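Here's the structure, in structure tokens; my notes come after.
The values are calculated or read from the model by the stated rules, or taken from the named source; none is laboratory data. Please read all numbers here as calculations on a predicted model, not as lab measurements. Cβ placement follows ideal geometry from the backbone for every residue including glycine, while neighbour counts extend to all protein chains displayed.
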Amino acid sequence: MRFAAYIFGLFVLLIPHYSSAQDVTLSKKARDIYDKAQQAWQERRLPEAVALFEKVLVQEPNSYDVNIRLAQIYELQRNPDLTRKYYSKAIQIKPSAPQSAAAFQWLGKYFFESEKYDSAQVYYEKAFALFPAKSSLSRLAEKSIASSKFAQNAIKNPLPIEKKSLGDTVNFLGTQYFPVLTADDETLIFTGLTENRDENIYVTHRKNDGGSADRWNVPEEISKVINTINNEGTCTVSADGRTLVFTACNRADGFGSCDLYISKKDGKDWSAPVNLGDGVNSRDWESQPSLSADGHILYFASDRKGGQGKRDIWVTTLDEKKQWSAPKNLGPVINTSDDENAPFIHANGRTIFYASNGLPGMGGFDIFIAQRMDTVWSKPVNIGYPINTVADQVGLFIASNGKMAYYTDDSSDKGKGRSLLYSFHVPPTLQEMIVPTRYAKGKVFDKKTNAPLASDIDLFDLKTQQKVGAFTSDGKTGTFLTVLNSGGEYAFYVSKNGYLFKSLSFTVGDADSFVNLDIPMEAIEKDRAEVLNNIFFQTGKYELDEKSKVELDKMADFLSRNKAIKIEISGHTDDVGSDTENLELSKRRAQSVQQYLHKSGIAADRISSKGYGETKPVAANDSETNRQKNRRIEWRIL
């Protein structure tokens, strides 16, 4: 039960009332015992005080002060049954006394945590009527009434979820919590607490053996470089699983009690963690981070100065110089005067989940959802019962497709002191609030040697011509993974020193969950050629479409960085139309590209152009798909 500190705080505020509200109806004998009991109470000799107050009640069973005092003592001794007994007696004696407000509030909380929300509401309403208007205690009672009403309605309208343990393989410790996954749902990272009370970060991978989709390999420590004899935990990972931010406390290089650290993955190896610095960390507590899919925005919880209340949700962004900005508070829409923690930003970048005990809910910390619209957050919504219960709920993670949820729950192991990881299918009403994402993954490699390559990749939305992502492939494996926040047409631009600039285009349909792309790179050598995949013309025309600008600017940038290179731009068509017309069209299209590059500052003697018409097909002209492959602009090293 969470009563002790809670109600004692209420009575501390009301002590002046009690010290001057002695029961004048006591007999002289009872008064003598009462005075001794009061002295024992004030000196915190609680067993002696209990015995003396009980003697007073034998003589004066309807003494209001004595019942209140006994309730206080038993509450401090964590005996809720006797606390309830004496508070209940006190409010029967003087239901309208101002001092009874805290007793009503305690009884409301007792019934609330017993999940008897209708009774709780009654007691909270009586407390609200007695607390001073507009006081902090009045606001607490008002919030408690709202929570009681919410809980009654939520239980009548439960979400259709069926939580399922991730199994003993994953739940191998007494306590594990704060699960996070990569965007492809293949890698699970979580925090675990060992028998020696050592908090570490663990990783496991989904089994691909044809069995159940919920089967996981045996968890391993994420890295000896990250886990130490100190505590490390409450981590977050970028969508591709290659950037990790986690919490570590009381380290020599720390700025406060707990700080945020970052580590990067190269192949299978994690770099030595680096403190995010005093630009992000403060002298106070920073913890429970959540990275955006691209690793450029970081949300976290902190009790630093300048917030709305106690612990708040803050955000920092990574600028072009790879520096984290000064954190900003998410403001009073998200944060309350109480505690907010455990933020989780969904892969779509605009849906946030977080825990709060400052908003109406099922009790303790509930999980809420809010949407970011430009720079403004929507009003948070409690995600409902039975995801939220009377117990504290924190650490929810929703998969990138919005269909599966992962979280920590200790309510199923009552009395055992365990926290286990569970999953459940996100109910339809909640799915409707989450814009799902897709992802593209693949590998960049040398076309001749098959050696993996580290490369820079820019992702553009072809409809808007806007850059929607910038990332790199892994230096040791060549692999990459990036989130796609909507269906539609995309362009990839891949670059690496010593290699030809590469462009790709692909379409993601509504039914697609991911795209797999292998990207072979050509070294800069004579006669090596690439296709400009995102050059667009209207049918039978040679004027460049506006959508071609991004690709041509990338081409110009490549030539500017490789000043010794000379190239030929060649135009090609399919077999539709006459040979003469196709030859002329391909020539004009190649010249259009050549002229654009000249206007972009590339010297004329570095670029030649030629039209080949339909003479060099790369596929048989037997389908529209193949004809589209033949309609192309190529560039070749001279």
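Data overview
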| item | result |
| --- | --- |
| Options Tyr110, Tyr177; residue that is closer than 28 Å to Tyr407 by Cβ and at pLDDT below 95 | Tyr177 |
| Test: residue in segment 501-516 that is under 27 Å from the mean Cα position of the chain (by Cα), loosely packed, with under 15 Cβ neighbours inside 10 Å and not in a loop (DSSP other than H, G, I, E, B) | yes |
| Residue satisfying all of: in segment 360-400; among the polar types (S, T, N, Q) and surrounded by fewer than 20 Cβ atoms within 10 Å (Cβ to Cβ); farthest from Leu291 (Cα to Cα) among these | Thr389 |
| Residue ID - farthest from the chain's Cα centre (by Cα), chosen from residues in segment 368-395 that are β-branched (Val, Ile, Thr) and modelled with pLDDT under 95 | Val390 |
| Count of residues meeting criterion [in a strand (DSSP E or B) and farther than 17 Å from Ser505 by Cβ] in segment 443-494 | 11 |
| Residues of segment 250-273 classified as touching a Leu at 6+ places or on another chain (Cβ under 9 Å) and in contact (Cβ under 8 Å) with a residue 40 or more places away in the chain, total | 5 |
| Candidate set from segment 274-312 (those that are touching a residue at least 40 places away in the same chain (Cβ under 8 Å) and over 23 Å from Val394 (Cβ atoms)); member that is surrounded by the most Cβ atoms within 10 Å (Cβ to Cβ) | Asp294 |
| Segment 109-140 - residue that is of a type in the set (A, V, I, L, M) and free of Cβ contacts under 8 Å to residues at least 40 places away in the same chain and, of those, surrounded by the fewest Cβ atoms within 10 Å (Cβ to Cβ) | Ala133 |
| Residue within segment 274-281 that is at pLDDT 95 or above and part of a strand (DSSP E or B) present | yes |
| Helices (runs of 4 or more DSSP H) wholly inside segment 1-66 containing at least 1 residues that are out of contact with any strand residue (DSSP E or B) (no Cβ under 9 Å at 6 or more places or on another chain) and at pLDDT 90 or above | 28-42, 46-59 |
| Among the candidates Thr247, Thr234, Thr182, Thr191, residue that is modelled with pLDDT under 95, within 19 Å of Tyr299 (Cβ to Cβ) and buried (at least 20 other Cβ atoms within 10 Å of the Cβ) | Thr234 |
| Some residue of segment 440-450 being buried (at least 17 other Cβ atoms within 10 Å of the Cβ) and closer than 30 Å to Gln176 by Cβ | yes |
| Any hit, segment 75-97, residues being under 30 Å from Asn382 (Cα atoms) and not in a helix (DSSP H, G or I) | no |
| For Leu430: the one exception among (1) outside the structural domain of Phe178 (by TED's automatic domain parsing); (2) surrounded by 23 or more Cβ atoms within 10 Å (Cβ to Cβ); (3) not β-branched (Val, Ile, Thr) | (2) |
| Selection from segment 317-327 of residues that are surrounded by fewer than 21 Cβ atoms within 10 Å (Cβ to Cβ) and either outside the structural domain of Ala347 (by TED's automatic domain parsing) or of a type outside the set (A, V, I, L, M, F, W, C) (or both) | Thr317, Asp319, Glu320, Lys321, Lys322, Gln323, Ser325 |
| Number of positions in segment 257-273 that are more than 19 Å from Thr182 (Cβ to Cβ) and surrounded by fewer than 18 Cβ atoms within 10 Å (Cβ to Cβ) | 2 |
| Identity of the residue in segment 541-579, of a type in the set (S, T, N, Q) and either part of a loop (DSSP other than H, G, I, E, B) or not assigned by TED's automatic domain parsing to the domain that holds Ser592 (or both), that ends up nearest to Leu459 (Cα to Cα) | Asn562 |
| Failed item, numbered, when Ala133 is tested on (1) part of a loop (DSSP other than H, G, I, E, B); (2) closer than 30 Å to Cys235 by Cβ; (3) at pLDDT below 95 | (2) |
| Check on Leu462, closer than 18 Å to Val237 by Cβ and surrounded by 15 or more Cβ atoms within 10 Å (Cβ to Cβ) | no |
| Tally, over segment 188-238, of residues that are outside any strand (DSSP E or B) and of a type in the set (D, E, K, R) | 8 |
| Matching option when the condition is in contact with a Gly (Cβ under 6 Å, 6 or more places away or on another chain) and either β-branched (Val, Ile, Thr) or not assigned by TED's automatic domain parsing to the domain that holds Asp294 (or both), among Val390, Val394 | Val390 |
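Yes/no matrix, rows are residues, columns are (1) modelled with pLDDT under 95; (2) not in a strand (DSSP E or B):
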position: Lys321; (1), (2): yes, yes
position: Pro332; (1), (2): no, yes
position: Phe353; (1), (2): no, no
position: Leu359; (1), (2): no, yes
